[in-house]
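Undergrad: My questions will all concern the structure given below.
The values are calculated or read from the model by the stated rules, or taken from the named source; none is laboratory data. All values derive from a computational prediction rather than experimental measurement. With ideal geometry, Cβ positions are generated from the backbone for all residues, glycine too; neighbour counts draw on all protein chains shown.
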Amino acid sequence: MINIHPIFVHFPIALFTIYALFEIIRIKRFETTDTITYIKSAFLIIGSISSMLAVQTGELVGETMEDGPLGRLLETHAFFAVGSSYIFGALAIVYLIWLIEKTQSFTKYTSSGVGQSIWNLLLKIKAIFWKKGILILLAIVGLFFITVTGSLGGALVYGPDVDPVVKFFYTIFVGV
């Protein structure tokens, strides 16, 4: 079987990393308009969709390796990969709610009844997470998860001694 995982994995890594940097390093000049929020929304939504492909292709490759000597390394790599997908996926949902609210594109569907109740629940969820400190914290945690995932992926492909960062995370999370 051809390993297509590397084709899909780098795109969400790039999008999530750029999103996290935009979220963590806020430049006031860019924060005065909604443009940067639209950009962050796009990075998160596209990154989340593409991370699903990355996780699925990783699981396909993992099925061929899970019984081998790299089982624990593979399991830990998968844990952090799925974790980063969940973190950034949750952020993508919050930003998607912001986009819908901003464009008011669901107004005609949520004027009464069940639609209004669901929309009010989504707005409450957004209100919980749509705080500068929470967004920055989730971006930092997500960036950490991506870093660990990539490092352990590097250990799977090139071995744990490929560079000091890979060796560090390998030693902490997998053991020597």
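Undergrad: Based on this model, can you work out whether residue 28 counts as at pLDDT 95 or above and either farther than 20 Å from residue 144 by Cα or surrounded by 13 or more Cβ atoms within 10 Å (Cβ to Cβ) (or both)? Explain how you work it out, then say what you get.
TA: On the way: at pLDDT 95 or above: no; either farther than 20 Å from residue 144 by Cα or surrounded by 13 or more Cβ atoms within 10 Å (Cβ to Cβ) (or both): yes.
Spelling it out, it is not the case that residue 28 is at pLDDT 95 or above and either farther than 20 Å from residue 144 by Cα or surrounded by 13 or more Cβ atoms within 10 Å (Cβ to Cβ) (or both).
Undergrad: Criterion first (touching a residue at least 60 places away in the same chain (Cβ under 8 Å), assigned to a helix (DSSP H, G or I) and buried (at least 19 other Cβ atoms within 10 Å of the Cβ)) does residue 169 satisfy it? Show your work before the answer.
TA: Values: touching a residue at least 60 places away in the same chain (Cβ under 8 Å): no; assigned to a helix (DSSP H, G or I): yes; buried (at least 19 other Cβ atoms within 10 Å of the Cβ): yes.
Spelling it out, it is not the case that residue 169 is touching a residue at least 60 places away in the same chain (Cβ under 8 Å), assigned to a helix (DSSP H, G or I) and buried (at least 19 other Cβ atoms within 10 Å of the Cβ).
Undergrad: Could you list, ordered by first residue, the pairs with Cβ atoms under 9 Å in which the first is in the stretch 68-90 and touching a residue at least 24 places away in the same chain (Cβ under 8 Å) and the second is of a type in the set (Lys, Arg), at least 6 apart or interchain?
TA: As it stands, the answer is none, since no pair meets every condition given.
Undergrad: Tally the residues that are surrounded by fewer than 19 Cβ atoms within 10 Å (Cβ to Cβ) and over 19 Å from the mean Cα position of the chain (by Cα), restricting the search to the stretch 70-106.
TA: The total comes to 10.
Undergrad: Quick check on my filter: what residues within the stretch 5-20 are of a type in the set (A, V, I, L, M, F, W, C) and either under 11 Å from the mean Cα position of the chain (by Cα) or surrounded by 13 or more Cβ atoms within 10 Å (Cβ to Cβ) (or both)? Give the derivation first.
TA: Taking the stretch 5-20 and keeping what is of a type in the set (A, V, I, L, M, F, W, C), we get 7-9, 11, 13-16, 18, 20.
Passing the criteria: 8, 9, 11, 13, 14, 15, 16, 18, 20.
Undergrad: Follow-up. For residue 47, indicate whether it is over 15 Å from residue 146 (Cβ atoms) and buried (at least 18 other Cβ atoms within 10 Å of the Cβ).
TA: Working: over 15 Å from residue 146 (Cβ atoms): no; buried (at least 18 other Cβ atoms within 10 Å of the Cβ): yes.
Here the answer is no, as residue 47 does not meet what is asked.
Undergrad: OK, next. Would you mind finding the one in 153, 133, 142 that is part of a helix (DSSP H, G or I), exposed (fewer than 11 other Cβ atoms within 10 Å of the Cβ) and within 19 Å of the chain's Cα centre (by Cα)? Give the steps one after another, and end with the answer.
TA: Values: 153 fails: exposed (fewer than 11 other Cβ atoms within 10 Å of the Cβ); 142 fails: exposed (fewer than 11 other Cβ atoms within 10 Å of the Cβ).
Going through 153, 133, 142 in turn, the sole match is 133.
Undergrad: Do you know which of the residues in the stretch 31-61 that are more than 14 Å from the chain's Cα centre (by Cα), of a type outside the set (Val, Ile, Thr) and in a helix (DSSP H, G or I) is modelled with the highest pLDDT?
TA: Within the stretch 31-61, the subset more than 14 Å from the chain's Cα centre (by Cα) is 31-39, 56-61.
Then keep just the ones that are of a type outside the set (Val, Ile, Thr); that gives 31, 34, 38, 56, 58-60.
Okay, now just the ones that are also in a helix (DSSP H, G or I), so 31, 38, 56, 58-60.
Working: 31: 77, 38: 95, 56: 92, 58: 90, 59: 88, 60: 86.
Looking at residues that are more than 14 Å from the chain's Cα centre (by Cα), of a type outside the set (Val, Ile, Thr) and in a helix (DSSP H, G or I), I get 38.
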